[in-house]
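Notes to accompany the following structure.
The values are calculated or read from the model by the stated rules, or taken from the named source; none is laboratory data. Here the structure is a predicted model, which means the values were calculated and not measured. Reconstructed Cβ throughout: ideal geometry from the backbone, glycine too, with neighbour counts over all protein chains shown.
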Amino acid sequence: MERKLISIVMGSDSDLPVMKQAAEMLEKFGIGYEMDIVSAHRTPEKLYEFASNAHNRGIVAIIAGAGGAAHLPGMVAAISPLPVIGVPIKSSNSIDGWDSVLSILQMPGGVPVATVALNGAKNAGILAAQIVSTADSSVRDRMIEYKQELKEQVIMQAKNLKA
């Protein structure tokens, strides 16, 4: 695997079943990544250290997943100069996931977080790959192939429906 370009962080290990979908997509596109648990509420010092130094380690984008109050993506975005993709996660203490969606989506002006759907880590991985593809033609070529595969799947589904 290539050098680590994407960082995937989550608030706790209970978020891993969702967040591993981002890792799977990065693997599909041949993009190196790191993964860690960084709690905005329980490890604020670790959060600050991570967010303020990710770019110094060669990271180009951060995928941050969180449930409940979901402060992790916004806090990372407040500190880091890198693009942050937020993944709202429906957690055990969640209000049907809406609290997580709105906490990540409703960022103040000047502190953007690109937000995907509830439990949408797969799309976060794809978006991170698209960010990498702006500077890496091999990733861009794999993205074009992936989009073609999606198209072919729909065409096949339509044929099967009509059969």
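Picking from Glu2, Glu45, Glu49, Glu34, which residue would you name as being surrounded by fewer than 24 Cβ atoms within 10 Å (Cβ to Cβ), among the acidic types (Asp, Glu), modelled with pLDDT of 95 or more and not in a helix (DSSP H, G or I)? Sole residue among the options that is surrounded by fewer than 24 Cβ atoms within 10 Å (Cβ to Cβ), among the acidic types (Asp, Glu), modelled with pLDDT of 95 or more and not in a helix (DSSP H, G or I): Glu34.
Checked against the criterion of being within 20 Å of Arg3 (Cα to Cα), under 16 Å from the mean Cα position of the chain (by Cα) and among the polar types (S, T, N, Q), region 110-118 has no qualifying residue.
What about Asn93, is it of a type outside the set (Val, Ile, Thr) and part of a loop (DSSP other than H, G, I, E, B)?
Here the answer is yes, as Asn93 does meet what is asked.
Inspect all residues belonging to region 97-120 and state whether any of them is surrounded by 21 or more Cβ atoms within 10 Å (Cβ to Cβ), in a helix (DSSP H, G or I) and among the polar types (S, T, N, Q). Looking for residues that are surrounded by 21 or more Cβ atoms within 10 Å (Cβ to Cβ), in a helix (DSSP H, G or I) and among the polar types (S, T, N, Q), one finds at least one in region 97-120, hence yes.
Exactly one residue out of Ser52, Ser94, Ser7, Ser80 is under 19 Å from Val139 (Cβ atoms), hydroxyl-bearing (Ser, Thr, Tyr) and in contact with a helix residue (DSSP H, G or I) (Cβ under 7 Å, 6 or more places away or on another chain), and it is Ser7.
I'm checking my understanding of the structure. Among residues of region 24-65 that are of a type in the set (A, V, I, L, M) and either touching a residue at least 60 places away in the same chain (Cβ under 8 Å) or in contact with an Asp or Glu (Cβ under 7 Å, 6 or more places away or on another chain) (or both), which one is farthest from Gly125 (Cα to Cα)? So, considering only residues that are of a type in the set (A, V, I, L, M) and either touching a residue at least 60 places away in the same chain (Cβ under 8 Å) or in contact with an Asp or Glu (Cβ under 7 Å, 6 or more places away or on another chain) (or both), the one farthest from Gly125 (Cα to Cα) is Ile37.
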